[in-house]
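Structure, as C-alpha coordinates:
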Amino acid sequence: MALQLGDTVPDFTQNSQLGPINLYDFAGDSWVVLFSHPADYTPVCTTELGEVSRLRAEWDKRNVKTIALSVDSAESHKGWICDINETQSTSVDYPILADEDKKVSDLYGMIHPNSLNNLTVRSVFIIDPNKKLRLQITYPASTGRNFHEILRVIDSLQLTDHHQVATPVNWKDGEDCVVVPSIPTDEARNKFPKGVTEIRPYLRMTPQPNK
Ligand code: BEZ
(Lines give C-alpha, C1' and ligand atoms only; values in the text may rest on other atoms or scores of the structure.)
Protein backbone atom coordinates (compact mmCIF):
# COMPACT_ATOMS: atom_id res chain seq x y z
CA MET A 1 0.00 0.00 0.00
CA ALA A 2 1.17 3.54 -0.73
CA LEU A 3 2.82 5.44 2.09
CA GLN A 4 0.48 7.84 3.87
CA LEU A 5 1.07 10.83 6.12
CA GLY A 6 1.76 9.76 9.69
CA ASP A 7 3.15 6.37 8.66
CA THR A 8 6.54 5.26 9.98
CA VAL A 9 8.68 5.30 6.85
CA PRO A 10 10.40 2.07 5.83
CA ASP A 11 14.11 1.82 6.62
CA PHE A 12 16.55 0.83 3.90
CA THR A 13 20.23 0.55 3.11
CA GLN A 14 21.24 1.57 -0.40
CA ASN A 15 24.42 2.51 -2.17
CA SER A 16 25.25 6.14 -2.96
CA GLN A 17 28.21 8.07 -4.33
CA LEU A 18 29.33 8.36 -0.68
CA GLY A 19 29.01 4.60 -0.04
CA PRO A 20 26.12 2.66 1.51
CA ILE A 21 23.53 4.78 3.35
CA ASN A 22 21.19 3.39 5.97
CA LEU A 23 18.25 5.78 6.26
CA TYR A 24 17.63 5.50 10.00
CA ASP A 25 21.34 5.73 10.89
CA PHE A 26 21.88 8.62 8.51
CA ALA A 27 18.84 10.47 9.86
CA GLY A 28 19.69 10.07 13.55
CA ASP A 29 17.68 12.77 15.35
CA SER A 30 17.35 14.98 12.29
CA TRP A 31 14.55 15.67 9.89
CA VAL A 32 15.11 14.24 6.41
CA VAL A 33 14.10 15.42 2.96
CA LEU A 34 14.27 12.42 0.63
CA PHE A 35 13.68 13.34 -3.00
CA SER A 36 13.89 11.45 -6.27
CA HIS A 37 14.68 12.70 -9.75
CA PRO A 38 14.30 10.95 -13.11
CA ALA A 39 17.90 10.65 -14.25
CA ASP A 40 21.46 11.93 -14.00
CA TYR A 41 22.79 14.29 -16.68
CA THR A 42 19.39 15.86 -17.30
CA PRO A 43 18.89 19.62 -17.25
CA VAL A 44 16.06 20.15 -14.75
CA CYS A 45 17.57 17.67 -12.29
CA THR A 46 20.93 19.43 -12.56
CA THR A 47 19.37 22.72 -11.44
CA GLU A 48 17.43 21.04 -8.63
CA LEU A 49 20.35 19.19 -7.10
CA GLY A 50 22.44 22.33 -7.30
CA GLU A 51 19.78 24.34 -5.50
CA VAL A 52 19.47 21.77 -2.69
CA SER A 53 23.22 22.04 -2.21
CA ARG A 54 23.22 25.86 -2.27
CA LEU A 55 20.50 25.81 0.42
CA ARG A 56 22.74 23.83 2.83
CA ALA A 57 22.72 26.57 5.50
CA GLU A 58 18.90 26.65 5.42
CA TRP A 59 18.66 22.87 5.89
CA ASP A 60 21.22 22.97 8.71
CA LYS A 61 19.35 25.78 10.48
CA ARG A 62 16.29 23.50 10.61
CA ASN A 63 18.19 20.29 11.50
CA VAL A 64 17.38 18.72 8.13
CA LYS A 65 19.44 16.22 6.16
CA THR A 66 18.87 15.82 2.43
CA ILE A 67 19.07 12.64 0.35
CA ALA A 68 18.51 12.47 -3.40
CA LEU A 69 17.79 9.34 -5.41
CA SER A 70 17.72 8.12 -8.97
CA VAL A 71 18.05 4.69 -10.55
CA ASP A 72 21.47 5.58 -12.01
CA SER A 73 24.73 4.13 -10.68
CA ALA A 74 27.01 5.64 -8.02
CA GLU A 75 29.71 6.07 -10.70
CA SER A 76 27.26 8.02 -12.84
CA HIS A 77 26.37 10.21 -9.84
CA LYS A 78 30.05 10.96 -9.22
CA GLY A 79 30.60 12.18 -12.79
CA TRP A 80 27.38 14.18 -12.83
CA ILE A 81 28.16 15.88 -9.51
CA CYS A 82 31.25 17.43 -11.16
CA ASP A 83 28.92 18.98 -13.75
CA ILE A 84 26.43 20.12 -11.10
CA ASN A 85 29.18 21.76 -9.08
CA GLU A 86 30.63 23.50 -12.11
CA THR A 87 27.39 24.68 -13.69
CA GLN A 88 25.43 25.49 -10.51
CA SER A 89 28.29 27.12 -8.55
CA THR A 90 28.04 24.77 -5.60
CA SER A 91 29.54 21.67 -4.04
CA VAL A 92 27.13 18.76 -3.66
CA ASP A 93 27.84 17.23 -0.26
CA TYR A 94 24.80 15.03 0.35
CA PRO A 95 24.17 11.44 -0.73
CA ILE A 96 22.51 10.63 -4.02
CA LEU A 97 21.22 7.09 -3.71
CA ALA A 98 22.10 4.79 -6.59
CA ASP A 99 18.84 2.86 -6.68
CA GLU A 100 19.77 0.63 -9.60
CA ASP A 101 17.72 -2.31 -8.29
CA LYS A 102 14.79 0.08 -7.58
CA LYS A 103 14.59 -1.18 -4.00
CA VAL A 104 13.93 2.24 -2.48
CA SER A 105 11.90 3.52 -5.44
CA ASP A 106 9.50 0.61 -5.04
CA LEU A 107 9.35 0.89 -1.23
CA TYR A 108 8.42 4.57 -1.49
CA GLY A 109 6.32 4.42 -4.67
CA MET A 110 8.58 6.74 -6.66
CA ILE A 111 7.99 5.07 -10.03
CA HIS A 112 4.74 6.04 -11.73
CA PRO A 113 4.79 3.97 -14.95
CA ASN A 114 1.92 5.82 -16.61
CA SER A 115 3.87 9.06 -16.27
CA LEU A 116 7.48 7.97 -16.75
CA ASN A 117 8.35 4.40 -17.55
CA ASN A 118 11.05 2.75 -15.39
CA LEU A 119 12.37 6.06 -14.02
CA THR A 120 11.58 7.83 -10.78
CA VAL A 121 9.34 10.89 -10.91
CA ARG A 122 10.05 13.96 -8.76
CA SER A 123 8.85 12.70 -5.37
CA VAL A 124 9.54 14.58 -2.14
CA PHE A 125 9.20 13.09 1.34
CA ILE A 126 9.61 15.06 4.57
CA ILE A 127 10.41 12.66 7.41
CA ASP A 128 10.49 13.84 11.03
CA PRO A 129 12.97 12.72 13.73
CA ASN A 130 10.48 10.00 14.82
CA LYS A 131 10.70 8.61 11.26
CA LYS A 132 7.10 9.60 10.55
CA LEU A 133 6.13 10.77 7.09
CA ARG A 134 4.97 14.39 7.39
CA LEU A 135 4.63 15.42 3.72
CA GLN A 136 4.78 13.87 0.32
CA ILE A 137 4.50 15.71 -2.99
CA THR A 138 4.88 14.27 -6.46
CA TYR A 139 5.88 16.51 -9.34
CA PRO A 140 6.01 15.58 -13.00
CA ALA A 141 9.40 15.12 -14.67
CA SER A 142 9.04 18.35 -16.64
CA THR A 143 8.57 20.59 -13.58
CA GLY A 144 11.51 21.50 -11.37
CA ARG A 145 10.62 21.75 -7.69
CA ASN A 146 10.60 24.88 -5.54
CA PHE A 147 12.73 23.90 -2.55
CA HIS A 148 11.84 27.12 -0.77
CA GLU A 149 8.34 25.66 -0.52
CA ILE A 150 9.79 22.53 1.11
CA LEU A 151 11.65 24.74 3.63
CA ARG A 152 8.42 26.66 4.24
CA VAL A 153 6.53 23.44 5.05
CA ILE A 154 9.32 22.36 7.42
CA ASP A 155 9.03 25.74 9.19
CA SER A 156 5.30 25.18 9.55
CA LEU A 157 5.68 21.60 10.81
CA GLN A 158 8.38 22.53 13.32
CA LEU A 159 6.25 25.41 14.60
CA THR A 160 2.94 23.57 14.81
CA ASP A 161 4.55 20.57 16.53
CA HIS A 162 5.23 22.83 19.52
CA HIS A 163 2.47 25.44 19.50
CA GLN A 164 -1.29 25.07 19.11
CA VAL A 165 -1.41 27.01 15.89
CA ALA A 166 -1.75 26.24 12.22
CA THR A 167 -0.35 28.29 9.34
CA PRO A 168 -2.61 30.03 6.81
CA VAL A 169 -2.38 30.33 3.05
CA ASN A 170 1.05 31.42 1.77
CA TRP A 171 2.34 31.75 5.34
CA LYS A 172 6.03 32.37 5.81
CA ASP A 173 8.12 32.20 8.97
CA GLY A 174 7.41 35.29 11.09
CA GLU A 175 3.87 35.90 9.86
CA ASP A 176 0.61 35.62 11.79
CA CYS A 177 -0.75 32.15 12.51
CA VAL A 178 -4.20 30.61 12.89
CA VAL A 179 -5.37 29.46 16.34
CA VAL A 180 -6.39 25.80 16.04
CA PRO A 181 -10.17 25.26 16.16
CA SER A 182 -10.04 23.07 19.30
CA ILE A 183 -9.08 26.05 21.53
CA PRO A 184 -11.96 28.33 22.66
CA THR A 185 -11.21 32.02 22.08
CA ASP A 186 -11.10 32.87 25.83
CA GLU A 187 -8.51 30.17 26.38
CA ALA A 188 -6.59 31.29 23.30
CA ARG A 189 -6.30 34.83 24.72
CA ASN A 190 -4.50 33.39 27.77
CA LYS A 191 -2.38 31.01 25.76
CA PHE A 192 -1.25 33.61 23.22
CA PRO A 193 -0.32 36.75 25.18
CA LYS A 194 0.70 38.59 22.01
CA GLY A 195 -3.01 38.82 21.22
CA VAL A 196 -5.79 37.02 19.39
CA THR A 197 -7.88 38.66 16.68
CA GLU A 198 -11.27 37.02 16.22
CA ILE A 199 -12.31 37.57 12.60
CA ARG A 200 -15.00 34.91 12.91
CA PRO A 201 -15.52 32.58 15.89
CA TYR A 202 -13.77 29.86 13.85
CA LEU A 203 -11.11 32.15 12.34
CA ARG A 204 -8.73 33.54 14.98
CA MET A 205 -5.29 34.93 14.20
CA THR A 206 -2.32 35.40 16.51
CA PRO A 207 1.25 36.59 15.98
CA GLN A 208 3.69 33.70 15.55
CA PRO A 209 4.21 32.45 19.14
CA ASN A 210 7.92 31.67 18.93
CA LYS A 211 9.08 34.96 17.38
C1 BEZ B 1 15.24 16.94 -16.67
O2 BEZ B 1 15.70 16.76 -15.56
O3 BEZ B 1 15.56 17.89 -17.35
C4 BEZ B 1 14.19 16.00 -17.21
C5 BEZ B 1 14.22 14.67 -16.88
C6 BEZ B 1 13.25 13.81 -17.41
C7 BEZ B 1 12.29 14.31 -18.26
C8 BEZ B 1 12.26 15.66 -18.55
C9 BEZ B 1 13.22 16.52 -18.04
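The values are calculated or read from the model by the stated rules, or taken from the named source; none is laboratory data. What you see is a predicted model; the values in this text were computed from it and never measured. Here the Cβ is made from the backbone with ideal geometry for all residues, glycine too, and neighbour counts use every protein chain on show. Heavy atoms of the whole protein, side chains included, go into the accessibility calculation; ligands, DNA and RNA do not. Shrake-Rupley method; radii C 1.70, N 1.55, O 1.52, S 1.80 Å.
Just the number please: accessible area per residue for the range 55-211, 1.4 Å probe, all protein chains included, in Å².
51 Å²
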Under Karplus coefficients 6.51, -1.76 and 1.60, residue-wise ³J(HN,Hα) of the range 3-18 in Hz, glycine/proline x: 5, 10, 4, x, 5, 6, 6, x, 7, 7, 10, 9, 5, 8, 5, 9
Hydrodynamic radius by Kirkwood, which averages 1/r over all alpha carbon pairs of the chain, in angstrom: 18.5 Å
Pairs from LYS131/LYS191; LYS132/LYS194; LYS103/LYS132; LYS61/LYS102 whose Cα-Cα separation, in the structure shown, is over 25 Å: LYS131/LYS191; LYS132/LYS194; LYS61/LYS102
Could you put HIS162, HIS148, HIS112, HIS77 in order of accessible surface area, largest first, with the 1.4 Å probe and the full protein assembly present? HIS162, HIS148, HIS112, HIS77
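If R0 is 41 Å, what FRET efficiency do you get for ILE199 and SER115 from their C-beta distance, rounded to 0.05? All intermediate terms of the calculation are to be shown ahead of the outcome.
On the way: r = 41 Å, r/R0 = 1.00.
FRET efficiency, ILE199 to SER115: 0.50.
Got the relative contact order for the range 86-211 handy, in percent, Cα pairs under 8 Å and 6 or more residues apart?
Reported relative contact order: 12 percent.
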Is it possible to state the helix-based mean residue ellipticity at 222 nm for the chain, with each DSSP H run of 4+ residues giving -39500 (n - 2.57), the sum divided by total residues, to the nearest 500 deg cm²/dmol? What is it? -9000 deg cm²/dmol
Looking at the range 65-119, which trypsin sites (Lys or Arg not before Pro) are in a loop (DSSP not H, G, I, E or B) and have at most 12 other Cβ atoms within 10 Å? none
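What's the carbon and sulfur percent of the range 56-99's accessible surface, probe 1.4 angstrom, rounded to a whole number?
On the way: 810 of 1790 Å².
Within the range 56-99, the accessible surface is 45 percent carbon and sulfur.
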In a Debye calculation with equal point scatterers on the alpha-carbon sites of the range 163-206 and no solvent, what is log10 I(q)/I(0) at q = 0.18, 0.24 Å⁻¹? -0.44, -0.79
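Show me 52-59, 200-207 ranked by packing, highest mean number of other Cβ atoms within 10 Å first. Show your work: numbers first, answer last.
Working: 52-59: 17.2, 200-207: 14.1.
Peptide ranking by packing, descending: 52-59, 200-207.
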